[in-house]
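Engineer: Let me begin by handing over the structure; questions about it come next.
The values are calculated or read from the model by the stated rules, or taken from the named source; none is laboratory data. What you see is a predicted model; the values in this text were computed from it and never measured. We place every Cβ from the backbone using ideal geometry, glycine too, and count neighbours over all the protein chains shown. Surface areas here come from the heavy atoms of the whole protein model, side chains and all, with no ligands, DNA or RNA. Shrake-Rupley method; radii C 1.70, N 1.55, O 1.52, S 1.80 Å.
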Amino acid sequence: MQQPVIHIQHLNHYFGEGELRKQVLFDINLEIFAGEIVIMTGSSGSGKTTILTLVGGLRSAHSGSLKVLGQELCQATSQQLVQARRRNGYIFQAHNLHCSLTALQNVCMGLEVHGNLSRTKMQHRAAQILAEVGLGDCLHYYPDNLSGGQKQRVAITRALVSYPQIVLADEPTAALDSKSGRNVVNLMQQIAQEQSCTILMVTHDNRILDIADRIVHMEDGTLSSNTLSLDAA
Amino acid sequence: MILQQLRRRTPLGWIQLRHNKTRLLVSIGGIAFADILMFMQLGILNGLYDSNTAPHRQLQTDIVLVSTQARQLTNLLSFPRRRLYQAMDVPGVASAQALYINFIDWKHPETRQKTAMLVVGVNPDTKAFDLPAVNQSLDKIKLPDTVLFDRAARGNYQWVIDQVEQKRTVTTEIERRTITIAGLFELGASFTTDGILLTSDQSFLRLFPSRQAGQVSLGLVQVQPGSDPEAVVEDLNAYLPQDVKAMTKQGFVDFEKAYIDQNQPIAFVFGLATTIGFIVGIVIVYQILSTDVNDHLAEYATFKAMGYRDRYLLGAIFEEALILAAIGFIPGVGVSLGLYSLLRQVGALPIYMLLLRLVLVFTLTVVMCSLSGIVATRQLRSADPADIF
């Protein structure tokens, strides 16, 4: 039987300390298998982003079980979290490109963290993948000179350049107009298919739900409909 | 291995600095300013010590004998000349000669205004100073009432210097005696004297009728080749009566410095000013680095989310700090050299760049930038990707 890439069981998470401690995730159960594109919807404050940051290793879960690529991340040390972060590509709502680095250098940063390629090889691969997403002419542009859609494409390239097995995206189209947004999700879908990677995406954007294999809905810290299929939506 | 890693690495610190040209220029200016402050304070301090000990260092001697009551070169008091003959008894002593030193009012040869000069009487048959200009003119001061004049004396003596250089006779008046200026040499002014007049011991005694030949101000003791001046100093102090003390030439320089430190706290004042320069530098570099860290907080958090360790980002900030230290130092040295030369010409202060001072100020600059870097990196903790996104 195939092991899920992301396996969440009875996950609880809290914010704050002592008296102010507030539970934000209640008994979450979710299995995502290799190659799946899962979209998570829900109103703001429902805990979507919290799940994403837990899966991405940006914070350590409190109780329950959270296995990503076979590794338990619940109660993980900061050392283990750093290792976990390197295994997935994280795409943010804002592009978060470093404004002092060119498009090419920004993408190289996604490779440098792994420390296994020479400088020339890194630049070669970064240039290649930037060309694939249609930015071959803008390699040495600074983010300030790129459009919103182009910046988000560079950010996606940075997340995907090291061929991660999991891509986590937090409202990647929120800051984009509908056409650029469409381009961006198409790009993600295309690369996901080529690299056969798993995508977990949080979004409010109804226009892009069609790329999902499965849609899950969050409400008030609980996962309300785990098996909602595309047809039912 | 480390070199390989460095070559792989994106030089993030340098790239960030280079990207914001205005901020880079301001930082270089700020660090250069702090460096100039430090260079000037240390330079002037050293220049003051040097100008105040110039006569000491130019004495052609191994050991000096002074009265136990002596306070500084211009206030030596006198001791019996017999002590010099007694010193000859000590093994290792080759020769001992007397120097007579006293202040006197003289009239400026051009303006006829009275100022105090330090008169030094030497035996014209021996070389008391290691100054070629003096030693070539010793024959001239064998004539009575003839002096050699310190061209670096404080005050406007250009006319006098021109006249003497053109071999014209310049005369002036001291204690109603007509004095001829026969030659020039260079030692410079100090805190206590405007300048020095060098003359023969005979002329000295004529200028100061109250001084006796048997009471001398300073004894110059040469040791025999192969003798250790330090050891001879000990023997002299053990052998001679308590009214004189012997010290090495360097000891005499230190004696003067100690007197200056005791009476004019210049080391404290200039040391304080140097410290202020250092602190100004820390504040400037901290402002620059912390603004830079703040501007890049979201990017740093992103890097952390990608799996970069804090160490990597600390490295980038320290890289910025060290690059700033290095490139701010260069204009700092350049401007300081210019100001040194200005001070030499205008202030008649012997102020030169020393290798030791370059190393010291560069080290201080690196420490200054590193300290600012350490404080600035504290903000990195707030670059937590979980809180920012």
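Engineer: In Å², and per residue, what accessible area does the stretch B:120-250 have when probed at 1.4 Å with the other protein chains present?
Structural biologist: Result: 49 Å² per residue.
Engineer: Taking a point 7 angstrom from the Cα of B:H19 along the C-beta vector, which residues in the stretch A:105-121 have backbone N less than 12 Å away?
Structural biologist: Taking a point 7 Å out along Cα→Cβ of B:H19, the residues of the stretch A:105-121 whose backbone N falls under 12 Å are A:105-107.
Engineer: So how far apart, in nm, are the two label points at A:D137 and B:N263 if each is 7 Å from Cα heading toward Cβ?
Structural biologist: About 8.2 nm, to one decimal.
Engineer: Now, a different point. Which value, in debye to the nearest 20, gives the size of the charge dipole of the stretch A:90-163 about its Cα centre, when Lys and Arg are +1 and Asp and Glu are -1 at the Cβ?
Structural biologist: 140 debye
Engineer: So if each residue of separation counts as 0.36 nm, and I subtract the Cα-Cα distance between A:D144 and A:A175, what length gain in nm does that give?
Structural biologist: Residue separation times 0.36 nm, minus the Cα-Cα distance, leaves 9.6 nm.
Engineer: What is the average number of partner chain Cβ atoms found within 10 Å of a Cβ in A:93-103?
Structural biologist: What the average comes to for A:93-103 is 5.
Engineer: Specify which residue in the list B:Q113, B:G226, B:Q86 is farthest towards the positive end of the charge dipole of the stretch B:69-241, using unit charges on the beta carbon of Lys, Arg (+1) and Asp, Glu (-1), about the Cα centre.
Structural biologist: With unit charges placed on the Cβ atoms, the residue in question is B:Q113.
Engineer: If you average the C-alpha positions of the stretch A:94-118 and of the stretch B:40-72 separately, how far apart do those two centres end up, in angstrom?
Structural biologist: Using only Cα atoms, the two centres lie 62 Å from each other.
Engineer: Let me ask another. Using the Cα centre of chain A as the reference point, and only Cβ charges (+1 on K/R, -1 on D/E), how large is the resulting charge dipole? Debye, rounded to the nearest 20.
Structural biologist: Using Cβ point charges on Lys, Arg, Asp and Glu, chain A gives about 680 debye.
Engineer: With a 10 Å radius around each residue's Cβ, average the other Cβ atoms per peptide and rank B:40-47, B:82-89, highest first.
Structural biologist: Ranking, from highest mean packing down: B:40-47, B:82-89.
Engineer: Still on this structure: Which lysines have a Cα less than 24 Å from the Cα of A:K179, not counting those fewer than 8 places away in the same chain?
Structural biologist: Partners within reach: A:K151.
Engineer: If you don't mind, another one. Could you give the dipole magnitude of chain B about its Cα centre, charging the beta-carbon of Lys and Arg +1 and that of Asp and Glu -1, in debye to the nearest 20?
Structural biologist: Dipole magnitude for chain B comes out near 520 debye.
Engineer: Based on DSSP H assignment, which helices of chain B show an axial Cα extent of at least 27 Å together with a mean Kyte-Doolittle hydropathy greater than or equal to -1.0?
Structural biologist: On the way: long enough: B:21-52 (45 Å, 0.84); B:266-295 (43 Å, 1.61); B:310-347 (53 Å, 1.12); B:355-377 (33 Å, 2.12).
Span-like helices in chain B: B:21-52, B:266-295, B:310-347, B:355-377.
Engineer: Okay, moving on. Once you have the Cα-Cα distance between A:Q79 and A:S63, take 0.36 nm times their residue separation minus that, and quote the gain in nm to one decimal.
Structural biologist: 3.9 nm
Engineer: Please give the FRET efficiency for B:Q287 paired with B:N135, using the beta carbon to beta carbon distance and R0 = 51 Å, rounded to the nearest 0.05.
Structural biologist: So, using R0 = 51 Å, E works out to roughly 0.35.
Engineer: Nearest 10 degrees is fine. How inclined is helix A:119-132 to the longest principal axis of chain A, computing both from alpha carbons?
Structural biologist: 80 degrees
Engineer: Next question. Other chains' Cβ within 10 Å of B:31-39 residues: what's the mean?
Structural biologist: That average works out to 0.
Engineer: While we're looking at this one, here's another question. What is chain B by shape, rounded, prolate or oblate, if you read a ≥ b ≥ c off the alpha carbon gyration tensor as root eigenvalues and call it rounded for a/c under 1.5, prolate for a/b larger than b/c, and oblate otherwise?
Structural biologist: Judged from the Cα gyration tensor, chain B comes out prolate (a/c at least 1.5, a/b above b/c).
Engineer: Next question. If packing is taken as the average number of other Cβ atoms within 10 Å across a peptide's residues, how do A:17-27, A:102-112, A:139-149 rank, most packed first?
Structural biologist: Descending packing order for the listed peptides: A:102-112, A:139-149, A:17-27.
Engineer: Same structure, new question: Where the centroid of each part is defined by its Cα atoms, how far is the stretch A:171-201 from the stretch A:143-168 in Å?
Structural biologist: Cα centroid of the stretch A:171-201 versus Cα centroid of the stretch A:143-168: 10 Å apart.
Engineer: Using Cα-Cα distances under 8 Å and only pairs 6 or more residues apart, what relative contact order does the stretch B:1-113 have, in percent?
Structural biologist: 10 percent
Engineer: For the protein assembly as shown, give me the percentage of DSSP beta bridges that are antiparallel, rounded to the nearest 5 percent.
Structural biologist: Of those bridges, close to 65 percent are antiparallel.
Engineer: What is the stretch A:90-163 by shape, rounded, prolate or oblate, if you read a ≥ b ≥ c off the alpha carbon gyration tensor as root eigenvalues and call it rounded for a/c under 1.5, prolate for a/b larger than b/c, and oblate otherwise? Please report the intermediate quantities before stating the final value.
Structural biologist: On the way: a/c = 1.63, a/b = 1.38, b/c = 1.18.
Prolate.
Engineer: Using a 1.4 Å probe on the protein heavy atoms, what percent of the accessible area of the protein assembly as shown belongs to carbon and sulfur?
Structural biologist: Carbon and sulfur atoms account for 53 percent of the accessible area of the protein assembly as shown.
Engineer: For chain A, with every protein chain kept in place, what is the accessible area per residue (1.4 Å probe, Å²)?
Structural biologist: 43 Å²
Engineer: Give the percent of DSSP beta bridges with both residues in chain B that are antiparallel, rounded to the nearest 5.
Structural biologist: About 75 percent, rounded to the nearest 5.
Engineer: Going toward the positive end of the dipole of chain B, with +1 on Lys and Arg Cβ and -1 on Asp and Glu Cβ, which of B:Q212, B:L73, B:I323 do you reach last?
Structural biologist: Value: B:I323.
Engineer: Could you give each residue of the stretch A:91-98 its phi-based ³J(HN,Hα) in whole Hz, using Karplus coefficients 6.51, -1.76, 1.60 with θ = phi - 60°, and x for Gly or Pro?
Structural biologist: 10, 9, 4, 8, 5, 6, 6, 6
Engineer: Hey, another quick one. Roughly how much accessible area, to the nearest 100 Å², goes out of reach of solvent when A and B pair up, both sides summed, probe 1.4 Å?
Structural biologist: 2500 Å²
Engineer: Still on this model: Which value at 222 nm does the protein assembly as shown reach when only helices count, each DSSP H run of 4 or more adding -39,500 (n - 2.57), with the total divided by all residues and rounded to the nearest 500 deg cm²/dmol?
Structural biologist: Details: 21 runs with 281 residues, N = 622.
When only DSSP H runs of four or more count, the value is -14500 deg cm²/dmol.
Engineer: How high is the FRET efficiency from B:L297 to B:Q250, r the C-beta distance, R0 45 Å, rounded to 0.05?
Structural biologist: With a Förster radius of 45 Å, E is 0.20.
Engineer: Return the average number of partner chain Cβ atoms within 10 angstrom of each residue Cβ along peptide B:289-302.
Structural biologist: Shielding by partners across B:289-302 averages 3.
Engineer: For B:K249, list the lysines whose Cα falls under 22 Å from its own Cα; do not include residues on the same chain fewer than 8 positions away.
Structural biologist: Straight-distance partners of B:K249: B:K127, B:K257.
Engineer: Putting +1 on Lys and Arg Cβ atoms and -1 on Asp and Glu Cβ atoms, find which of A:V161, A:L139, A:Q105 reaches farthest to the positive end of the dipole of the stretch A:90-163.
Structural biologist: Farthest towards the positive pole: A:V161.
Engineer: Still on this model: Computed FRET efficiency, Cβ-Cβ of B:A238 and B:N123, R0 25 Å: what is it to the nearest 0.05?
Structural biologist: Details: r = 27 Å, r/R0 = 1.09.
Given R0 = 25 Å and the Cβ-Cβ separation, E is 0.35.
Engineer: So how much slack lies between B:N75 and B:D310, counting 0.36 nm per residue of separation and subtracting their Cα-Cα distance, in nm? Mind showing how you got there, number by number?
Structural biologist: Working: separation 235, 0.36 × 235 = 84.60 nm, distance 6.37 nm.
Extending this stretch completely gives an extra 78.2 nm.
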